[in-house]
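Everything below concerns the one structure shown next.
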Amino acid sequence: LKPQGLANTAWAFATLGISESLLFDAIPRAVEERIGDFNSQNLANTAWAFAIVGVAARGALVKAVNVRAAAIGIAALNRENRTQLHQFFLSVELELRPPAELLAPIGLRDACKQ
C-alpha cells in the first residue's frame, strides 16, 4: 500500500475501535519501509491510530515517526496533525517508557502540545 492507504487503513480501524493485532503488527513494518513518502496527514493519522487503539508502537516505528515529523517541520503541521502527534507522543511515553533517544525532540513535542 501507498502511504495514504496505510494511513487510511490504520485510521479507519482505530476509529472503529478495532485493534486487530495482525493488522497493527503488519502496519509498522510497511510504514517503516515507506516513511520518507509520508506527508504530514499520513504521518499524523497513522501515529494517532496507534495511540487510540492502545497498541504499543515498536521502537523502530517510534523513531521513524519522530524523524519524519522533524523532517516535515512544525510549520507544515496543521493543528489537527499536531494534536494527533501529541497523542502519539504521550502514548509512547506512557506505554513504552522508551529511552531518551526514542523520544521526539522536546521542541517538536512542545509544539505539538499547542
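Just so you know, all these numbers are worked out from the coordinates, no wet-lab data involved. Computed from a predicted model, the values in this text were never measured in an experiment. Please note: Cβ atoms are built from the backbone with ideal geometry, for glycine as well, and neighbour counts cover all protein chains shown.
Listed values for region 28-35 are Karplus-derived 3J(HN,Hα) couplings in whole Hz (6.51 cos²θ - 1.76 cosθ + 1.60, θ = phi - 60°), namely x, 4, 5, 5, 4, 6, 10, 4, and x replaces Gly and Pro. Taking a Cβ cut-off of under 11 Å around residue 42, the surrounding Lys, Arg, Asp and Glu residues balance to a net charge of +2, with basic ones at +1 and acidic ones at -1. Label separation (residue 32 vs residue 74): 2.9 nm, computed from points 7 Å beyond Cα along the C-beta direction.
Highest mean first, the peptides 22-34, 61-73, 38-50 sorted by other C-beta atoms within 10 Å per residue fall in the order 38-50, 61-73, 22-34.
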